[in-house]
Amino acid sequence: MDLSTETLQNLRQDYRSAELSEQDADQDPINQFSKWFADAMNAKLYEPNVMTLATADRSGKPSARIVLLKGFDQHGFVFFTNYDSVKGKEIAENPQASLVFFWPELERQVRIDGSVSKVSAQVSDQYFHSRPIGSQIGATASPQSTKMQNRESLEEKVKELTAAYQGKEIPRPQHWGGYLVKPSQIEFWQGRSSRLHDRINYELVDGNWIISRLAP
């Protein structure tokens, strides 16, 4: 395959499947997100809860990765991870984050900016014990984001923990749990023809959501 600059520059798709107007958008962005997420579920998209999580350390150096949305309501958006990971350390230093959902089959994107805090231990415990046993063992065994000598050492740790907790409840490790992203701004992007996309933005001002249209 020719991967020349010209080839990359000519990769494009004209979006024509839908539109989004201020009149059609819900007055509450969480309700609007719920509608779009339901559309993604009904379209049977592969892992519609996949989202990019962007964080930054205290100096402002950014990093991003894919995580899974595991809950949302009027309080915000929830995901779970290792608190000692790079993302966890960055959140501790700079408790702000951006989330991005991209559903290409629907030609839609949602961007969410907000503050981050840990969910309660009870919420983390409940979700941890709802996971498959293998995932519980993996979360306990893995020192996420740290350098490893080899994969065999991790697999040996998994074997040890599997044997140790055979027939027993696995306690949630203190280094693992959930975060809540409390949104201050949410943008809904609907692809349109000729790159004249619809962008409806919600900004939280004095406790109220202010809706505006952004230029594409």
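For the stretch 114-190, what is one quarter of the convex hull surface built on the Cα atoms, given in nm²?
With the hull built on Cα positions only, its mean projection is 7.8 nm².
Provide Rg and Dmax in Å for the stretch 130-171, with only Cα atoms included in the calculation.
10.7, 31
Give me the one-decimal nm value for the distance between modelled label points at A92 and E203, 7 Å along each residue's Cα-to-Cβ direction.
Simple spin-label model gives 3.4 nm for this pair.
Which number gives the lysine pairs in the chain that have C-alpha atoms under 22 Å apart and are eight or more places apart or on different chains?
Taking the Cα cut-off of 22 Å, the pair count is 24.
Which loop-located GluC sites (Glu not before Pro) does the stretch 115-216 contain, where loop means any DSSP state but H, G, I, E or B and the Cβ has at most 16 other Cβ atoms within 10 Å?
Listed in order of number, the matching sites are E169.
With no solvent and one equal point scatterer placed on each C-alpha of the stretch 1-118, evaluate the Debye formula and give log10 I(q)/I(0) for q = 0.13, 0.20 Å⁻¹, two decimals.
For the stretch 1-118 at q = 0.13, 0.20 Å⁻¹, log10 I(q)/I(0) is -0.66, -1.13.
Return one number: the angle in degrees, 0 to 90 and rounded to the nearest 10, between the long axis of the Cα atoms of helix 29-42 and the longest principal axis of the Cα atoms of the chain.
It is inclined by approximately 80 degrees.
Sticking to Cα atoms, compute the Rg of the chain to one decimal and its Dmax as the biggest Cα-Cα distance, whole number, in Å.
Answer for the chain, Rg first and Dmax second: 20.2, 59 Å.
What's the Cα-based Rg to Rh of the stretch 61-172, Rh via Kirkwood?
Across the stretch 61-172, the Cα-based Rg/Rh ratio is 1.01.
Bear in mind that the values in this text are calculations on the coordinates, not laboratory data. Since the model is a prediction, treat every value here as computed from it, not as a measurement. Cβ coordinates were reconstructed from backbone atoms using ideal geometry, including for glycine residues, and neighbour counts include every protein chain displayed.
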